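The values are calculated or read from the model by the stated rules, or taken from the named source; none is laboratory data. On a predicted model such as this, the values are computed, not experimentally measured, just so you know. Heads up, the Cβs are rebuilt from the backbone with ideal geometry, glycines too, and the neighbour counts pull from every protein chain shown.
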Amino acid sequence: MATSTGTSKPADSAGLIAVNGPVETFGPIVVAVALLALLPLWFSDSGSMMGVITEGVVFGSYVIAFNIIFGSTGQLFLCIGALAGLGGFGSAILADRVDLPMIVAMVVAAAMAGLVGGVLSWVSVKRGLDTIFIGIVTLAFSLSFENFVLGRRDLTGGETGTFVDAGSDTVLRDRVPSYYVFLALLAVFLVLFRLLQRSRIGWAFRALRDDQLAAELSGVDVAWHRIFAGVVGSTMLGFTGALVAHSGRGFVGPSTFAFGEVDVRVLVMLALGGIGTLLGPVLGSALITMIDELLIDYAQLRLVFYGVILIALFLRFRHGLIPALTGFARRLLRRSD
Amino acid sequence: MISALMDGVVLGLQYGLLGVGLTLIYGLAGVINLAHGQVAVMGAIVVSLAMEADVPAVPAILIGLAAAAVFMLLVDATLMRAVYRQEGESRILLGLLIMLGVGFVIDGVLEWRYPIQQLGLRIGGEPIPILGVPMSTGSLLATAVTVVIGLVLVVFFRSTALGRGVRSVIQDEQGAMLVGIDPARVRTFVFGLSGLLAALVAVTRAMTGPVGVSSTISFTILALIVAVVGGLGSVSGAFAAGVLLGVVDRLSSFYIGTYVTTIILLLCAAITIVARPAGLFGRSH
């Protein structure tokens, strides 16, 4: 940011919690992560259930990353899966073909995703027509990436996918430990989101989301903040994707990061939980993962179901569950006074 | 090389028509229709179902076009009402998200009920040489239909009262209201027209190769890229951009490989946005 007014403390005007102590700042994260950490107590016997909850936590991370991009700055990135896939396939190729150490490969691949996300954001933000162009450019990028994965058979295994060697001698291949690795990543992302929310950048995000013109007039560099959110969120998506590629069965295929698998669900999860909120992504991904599991016999209808939820949420329930729940809790508290 | 060029023009005219439907809705309603390709393929599936029920080809095609048009009219009359109440950025975003949801629903229904249903219209006859390149009768007929419809659209927008009304609303909504044109009715008309044009493109594509569920998203994205390069809101721009991109498409898949084609088309769109956001053929403000 170019200007600094010095005295203005990043006031949490739109936040849900009025006090800025460490308990209020990180308490909700500790509670949510602790609850999720208990899940393997029930499910560790069942391989398929561990797979389901691990995927739920992975999606939680995707949703937090997307929340930084869409929730904070209103950029509708329709390439969540493609950016995660850039990290996933990128890290797999760098580790297996170029022989980079796995951690280095993951970091490089995540940085690549961040760079691409930044460029997509820059292209669309440049002329101030971002809402229209960001959707178009990122959707086109999704298709480009999918065609690339299918076309460059030698690198990606094409339609059949490919197995990833790197990571096969780590705990990432074991059911329960890999769940905790992904949970740790989710916790780090939540802390990152919270720190960002409470910083000057978070203040600027709220300002430009509420009223872009007013934000610009008060010295917020709107374009810079949008691109920053694009880079940070995309890097997080890329890193999560890289971790996915090296864990579990160690397999990446065209459906692992497909638009219809990732983007659709992430959008519904975020809209359901609450766009722009800290715990919305966790609640949304938990609920949708549960609903998916309940409706497993109607898996063919999943896309129809997601489409209907998406339309209904944006027409009638735009703020999502977390704001509704906190509002409800607040009314209860007031009544008991 | 020449055959790739000719193929590019054939393909490009259809891309253009695909872009026109999208660009009209954006120009009139401020809605980016992310379900454009899905509506197109839905029309084609209706045609193929009708033909399986022994309806002759031409009436079957008319039924498919009507189905797509009616679907878009319904969208305009129901879901879009909430979008029209919004203003500015939030209107565009809401329209985008709602149409994305509509696209998921269509995709989901098609994948569920008709996962392998395809429309393929085989047009008989020997290939006809044009500039020394043998062109299949299917792609010639597709081109002829596209060109005729394109000309009809141009004449319609230039010389009929309704067409001029549409153009006046694109240019200046309030001015159009002052001279007695109701933007809401024009909008409804254009939603129907857009659905019809989308299905028509799917039908002409079916004359050169089968069209099924797998084409939905790529149709939508092609329409988006054409509309961006041609300039959002510009009908003639969409046709010019369509031909240009069709040629780029064929040449790049001829010389490099099919998998890079969308990347190159995406680059074209990105370069256009950075260099000339009003579109190559649009008027810049």
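Observations on the structure shown:
- Between A:GLY260, A:GLY248, the distinction of being modelled with pLDDT under 90, under 27 Å from A:SER48 (Cβ atoms), within 13 Å of chain B (Cβ to nearest Cβ) and within 21 Å of the chain's Cα centre (by Cα) belongs to A:GLY260 only.
- Members of region B:122-175 that are assigned to a helix (DSSP H, G or I) and small (Gly, Ala, Ser): B:GLY138, B:SER139, B:ALA142, B:ALA144, B:GLY150, B:SER159, B:ALA161, B:GLY163, B:GLY165, B:SER168, B:GLY175
- Restricting region B:257-277 to residues that are in contact (Cβ under 8 Å) with a residue 24 or more places away in the chain and more than 9 Å from every other protein chain (Cβ to nearest Cβ), the residue that is surrounded by the most Cβ atoms within 10 Å (Cβ to Cβ): B:THR272
- Any hit, region A:161-170, residues being over 30 Å from A:LEU38 (Cβ atoms), out of contact with any Cys (no Cβ under 9 Å at 6 or more places or on another chain), crowded, with 19+ Cβ neighbours inside 10 Å and within 14 Å of chain B (Cβ to nearest Cβ): no
- Residues located in region A:248-259, provided they are surrounded by 24 or more Cβ atoms within 10 Å (Cβ to Cβ) and either in contact with a strand residue (DSSP E or B) (Cβ under 9 Å, 6 or more places away or on another chain) or of a type in the set (S, T, N, Q) (or both): A:VAL252
- When B:VAL39, B:VAL20, B:VAL46 are screened for being within 11 Å of the chain's Cα centre (by Cα) and at pLDDT 95 or above, only B:VAL39 passes.
- Criterion violated by B:ARG164 - all others in (1) among the charged types (D, E, K, R); (2) away from chain A (no Cβ under 14 Å); (3) in contact with a Leu (Cβ under 7 Å, 6 or more places away or on another chain) satisfied: (3)
- Scan of region A:156-174 for residues that are within 26 Å of the chain's Cα centre (by Cα) and not in a loop (DSSP other than H, G, I, E, B), ordered by number: A:THR156, A:GLY158, A:GLU159, A:THR162, A:PHE163, A:VAL171, A:LEU172, A:ARG173
- Subset of region B:227-285 [assigned to a helix (DSSP H, G or I), at pLDDT below 85 and of a type in the set (Phe, Trp, Tyr)]: B:TYR259
- Qualifying residue in region B:267-278 (condition: in contact with a Cys (Cβ under 8 Å, 6 or more places away or on another chain) and within 26 Å of A:SER121 (Cα to Cα)): no
- Residues that are in a helix (DSSP H, G or I) and of a type in the set (S, T, N, Q), drawn from region A:185-228: A:GLN197, A:GLN212
- Any pair with Cβ under 8 angstrom, 6 or more apart, that starts in region A:96-119 at a residue that is free of Cβ contacts under 8 Å to residues at least 60 places away in the same chain and closer than 18 Å to A:ASP165 by Cβ and ends at one that is assigned to a helix (DSSP H, G or I) and of a type outside the set (Ser, Thr, Tyr): A:ARG97/A:LEU155; A:VAL98/A:ALA105; A:LEU100/A:LEU94; A:LEU100/A:VAL108; A:PRO101/A:ALA95; A:VAL104/A:LEU94; A:VAL108/A:GLY90; A:VAL108/A:LEU94
- Single condition A:ALA109 does not satisfy, out of (1) small (Gly, Ala, Ser); (2) touching a helix residue (DSSP H, G or I) at 6+ places or on another chain (Cβ under 6 Å); (3) within 14 Å of chain B (Cβ to nearest Cβ): (3)
- Residue in region B:104-125 that is crowded, with 19+ Cβ neighbours inside 10 Å, in contact with a Gly (Cβ under 6 Å, 6 or more places away or on another chain) and among the aromatic types (Phe, Trp, Tyr) present: yes
- Residue among A:ALA34, A:ALA82 that alone is more than 14 Å from chain B (Cβ to nearest Cβ) and not β-branched (Val, Ile, Thr): A:ALA34
- Checking each residue in region B:174-205 for being touching a Pro at 6+ places or on another chain (Cβ under 7 Å) and either within 16 Å of B:ILE149 (Cβ to Cβ) or surrounded by 16 or more Cβ atoms within 10 Å (Cβ to Cβ) (or both) picks out only B:ALA176.
- Count of region A:125-152 residues which are modelled with pLDDT of 85 or more and more than 9 Å from every other protein chain (Cβ to nearest Cβ): 2
- Restricting region B:206-241 to residues that are within 9 Å of chain A (Cβ to nearest Cβ) and within 22 Å of B:GLY163 (Cα to Cα), the residue that is surrounded by the most Cβ atoms within 10 Å (Cβ to Cβ): B:ALA227
- When region B:36-94 is limited to residues that are of a type outside the set (A, V, I, L, M, F, W, C), in contact with a Leu (Cβ under 7 Å, 6 or more places away or on another chain) and part of a helix (DSSP H, G or I), the one that is nearest to B:THR220 (Cα to Cα) turns out to be B:HIS36.
- Residue match in region A:266-274 (condition: without any contact (Cβ under 8 Å) to a residue 40 or more places away in the chain and in contact with a helix residue (DSSP H, G or I) (Cβ under 6 Å, 6 or more places away or on another chain)): no
- A:VAL63 being within 14 Å of chain B (Cβ to nearest Cβ), surrounded by 21 or more Cβ atoms within 10 Å (Cβ to Cβ) and either outside any helix (DSSP H, G or I) or modelled with pLDDT of 90 or more (or both): no
- Extreme residue, farthest from the other protein chains (Cβ to nearest Cβ), among residues of region A:295-316 that are surrounded by fewer than 15 Cβ atoms within 10 Å (Cβ to Cβ) and modelled with pLDDT under 90: A:ILE296
- Listed conditions (1) in a helix (DSSP H, G or I); (2) within 14 Å of chain B (Cβ to nearest Cβ) are all met by A:LEU283, apart from (2).
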